[in-house]
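Enquirer: If you scroll down you'll find the structure; I have some questions about it.
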Amino acid sequence: MKLTDNYAADQVPAISGDGKRIVYYSDEDGDNDIYLLTLNGRRWSNPIKLTDNDFDDFLPDINFDGTCITYHGGEGEQRNIYSIEEKDGTWGVPVKLTDGLTRDYYPSIDYNGGKITYMARLDEGDKTYRDVYVIERKDGIWQTPVKLTSATVENIFPTISGDGSVIAFHGRAEESADRDIYSIRFQDNQWTTPLLLTENGTTDMQTAINGDGTRIVYYWMETYQSHMTPGANAEIHLLEFRDGTWQESVSLTSNPLYEYDPTISADGKRVTFDQADGTSIEKIGIIEEKDGIWGSIEILTDSSISGFRPNINSNGDKIVFYGLGKTDSDFEIYLLEDADNAATIHGTVVKADTGEAMNGVVLKTQPENYIVGTDARGNFTLKVLPGSYTITPQADCYQSISPVRVKGIRKGEVVELTISLTAGNCFPSVPSNPQPQNGAQDQPRSVTLRWQGGDPDEGDEVFYDVYLGIGTEHHIEMELISPHQKDTSYTPQDLWYNTTYYWTIVARDSKGAETTGPRWSFTTIKASISGTIANEATGEPIKGCNVLLFSPENGMSGQMRSDSQGRYGFESLVPGQYKLVLFKKGYSVEYCLVDYGGESVTRDFTLQTLQ
């Protein structure tokens with residue numbers, strides 16, 4: 001089930017233990033903020049924005065009943081741990097729980113909302129230390145964070161059990177050492193020293209822990225490799241606390257694929273994870289223990305969606321993840337529910353004229369927004385809640401003969417369908433062949449963007465939306481700068497020096513069919529001499545300030561006016577000494593000598609207002 005549908009990047013959701021609330025972060029309004037979805041009866045609400053500030057908020061976690069949320073956020077490189085709570089049906093304001101002396105990340109909260117563990121980073125000279133901390137709430141008040149580890153290198157990604165009794169994490173003592181799994185137990189009203197659980201000369205990473213702290217899952221590698229590395233292999237492993245001690249780890253998955261990012265249900269009998277197989281599509285998988293025996297892997301998603309970072313609720317009957325479907329413009333939030341509570345719609349999609357099976361057709365339902373794709377035989381299976389649905393197939397150059405409706409399907413019922421598609425409108429061609437080429441460097445500020453477009457249907461008129469944005473550490477903010485244009489070129493205005501810009505084209509034909517192109521990038525040329533001009537009293541940028549550049553050999557070498565952000569710049573200068581003269585009516589005149597040796601020079605100015 002698709003829960004969000006927008007042009008923003010909705011990422012890394014967490015679901016409450018009772019399965020009734022989901023939190024995630026999104027850049028829908030520019031920077032990243034925390035959003036909430038609530039289950040009302042059988043329907044999920046529209047997203048509610050919980051944070052609204054001038055910096056990024058990331059990676060929320062949520063307690064059992066969904067009334068307390070924790071996340072990390074901060075301006076620039078600073079990160080702090082925050083909490084936000086609902087009382088009497090109203091969400092309060094975020095409360096900062098850490099003091100900013102360290103950079104704090106990746107909070108994990110227990111079921112009661114009484115303990116939060118997180119990782120703190122401390123930079124001292126050329127050394128970086130990462131340690132595990134915990135914050136406890138007493139008499140309704142969050143206490144001072146307590147440091148639980150003393151790393152020589154790192155102890156990171158802590159997770160806390162539902163009952164708050166055990167914290168698990170991975171760490172290493174030396175830069176060259178392998179990563180191992182550790183646990184810390186809350187015992188006799190205090191936290192024990194870290195206990196090393198794996199020491200096998202391999203890489204053990206990224207823990208998740210069940211409700212009572214007796215089972216820990218993580219992913220294991222012979223040597224560390226990214227899931228993007230061709231041929232890389234990772235397995236999901238389990239540690240169990242039994243008979244008063246931690247047992248040897250057990251492999252739950254064993255194949256040539258890369259399975260990672262595990263989470264575990266409260267009873268420790270369902271484990272979900274992300275599976276990468278070397279293609280561009282990542283799948284969500286699950287493995288379950290029944291009668292003391294772990295079964296085989298079940299893959300829960302198909303090629304219509306690439307899914308990431310699954311998170312399972314306490315009962316193990318709901319899994320939330322973020323994904324990129326074939327028709328998505330960016331990451332969206334998806335939900336999987338236990339098939340035991342579902343009805344089944346099974347069918348085949350064929351061409352109406354020949355009866356040939358159609359592979360790769362995407363089918364969506366309304367309501368609920370369930371999504372699935374057909375396989376090589378044209379078959380699909382939808383697991384849905386009982387109810388009535390309209391199914392919309394989406395295939396390039398084909399359309400359904402009539403609306404496909406399923407009425408009053410009941411729990412456990414199986415409905416069989418054959419959907420016939422006739423030739424119809426084709427989607428516009430995917431925008432391609434970008435100029436400048438993707439990743440191009442040293443582009444002029446006056447660069448013209450060009451691409452190839454078109455439409456397979458003869459005579460179809462195609463229009464283009466041009467989106468341009470700049471990247472930050474964690475997201476790219478795209479802006480529609482030219483809507484509904486016919487030309488396959490555009491010259492953006494007010495580009496700045498030494499900046500990486502991202503751009504994409506959305507093609508739309510006269511019948512409303514739409515195709516979104518890839519996201520490309522280019523970086524503008526570095527300025528020889530540049531800077532900003534601001535009002536000395538207010539700090540506000542000064543727009544339209546005249547800036548003259550002189551050299552002893554050539555006299556005036558350049559002139560310009562500062563832009564709306566008070567910026568000025570000159571490029572392609574030969575090394576030497578230059579003189580800058582700045583003036584604008586109502587402000588003092590400023591002079592400055594600048595030695596330019598071939599590397600970019602920055603000179604910022606403040607001007608006094610004249611009485």
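Enquirer: How big is the accessible area of Glu599 in square angstrom, nearest 10, if you roll a 1.4 angstrom probe over the protein chains?
Expert: Near enough 140 Å² of accessible area.
Enquirer: In percent, what relative contact order does region 92-132 have, based on Cα pairs under 8 Å that are 6 or more apart in sequence?
Expert: Computed value for region 92-132: 29 percent relative contact order.
Enquirer: Under unit Cβ charges (Lys, Arg +1; Asp, Glu -1), what dipole magnitude, rounded to 20 debye, does the chain have relative to its Cα centre?
Expert: 1020 debye
Enquirer: Got a number for carbon plus sulfur as a percent of the chain's accessible area, 1.4 Å probe?
Expert: 45 percent
Enquirer: Tell me, what is the percent relative contact order of region 245-401, built from C-alpha pairs under 8 Å that lie six or more residues apart?
Expert: 14 percent
Enquirer: To the nearest 10 Å², what's Trp451's accessible area with a 1.4 Å probe?
Expert: Around 10 Å² of this residue is reachable by solvent.
Enquirer: Can you tell me which lysines have their Cα less than 25 Å from the Cα of Lys585? Leave out same-chain residues fewer than eight positions away.
Expert: Lys543
Enquirer: Count of lysine pairs in region 1-160 with Cα atoms under 29 Å apart, counting only pairs 8 or more residues apart in sequence or on different chains?
Expert: 23
Enquirer: What length, rounded to one decimal in nm, is gained on full extension from Ala537 through to Trp91, with 0.36 nm per residue of separation minus their alpha-carbon distance?
Expert: Once the chain is fully extended between Ala537 and Trp91, it gains 156.7 nm.
Enquirer: Name the cysteines of the chain that stand alone by the Cβ rule: no other cysteine Cβ under 4.7 angstrom.
Expert: Cysteines lacking a close Cβ partner in the chain: Cys68, Cys545, Cys592.
Enquirer: Also, I was wondering about something else. At a probe size of 1.4 Å, how large is the accessible area of Glu477, to the nearest 10 Å²?
Expert: Glu477 has an accessible surface of roughly 110 Å² with all protein chains in place.
Enquirer: Now for a separate question. Would you list, by chain and number, the lysines whose Cα falls below 23 Å from the Cα of Lys486, excluding same-chain residues fewer than 8 positions away?
Expert: Those lysines meeting the cut-off are Lys511.
Enquirer: Just need the relative contact order of the chain here, percent rounded to a whole number, with Cα pairs under 8 Å and 6+ apart.
Expert: Answer for the chain is 7 percent.
Enquirer: On average, how much accessible surface per residue is there in the chain, in Å², for a 1.4 Å probe, leaving out ligands, DNA and RNA?
Expert: Roughly 47 Å² per residue, with all protein chains present.
Enquirer: Among Ser26, Ser16, Leu36, whose Cα projects farthest towards the positive end of the dipole of region 1-47, with charges put on the beta-carbon of Lys, Arg (+1) and Asp, Glu (-1)?
Expert: My answer, from the dipole projection, is Ser16.
Enquirer: Aspartates and glutamates near Lys383 by alpha-carbon distance under 14 Å, same-chain residues fewer than 8 away left out - which ones?
Expert: Partners found: Asp302, Asp317, Glu337, Asp338, Asp340, Glu368, Glu413, Glu416.
Enquirer: At what distance in angstrom do the alpha carbon centres of region 258-315 and region 204-226 lie from each other?
Expert: One Cα centre to the other: 13 Å.
The values are calculated or read from the model by the stated rules, or taken from the named source; none is laboratory data. Just so you know, these numbers come straight off a predicted model, no measurement behind them. Virtual Cβ from ideal backbone geometry, glycine too; neighbours counted across all protein chains shown. Each accessible area value is taken on the protein alone, full model and side chains, heavy atoms only, with ligands, DNA and RNA left out. Shrake-Rupley method; radii C 1.70, N 1.55, O 1.52, S 1.80 Å.
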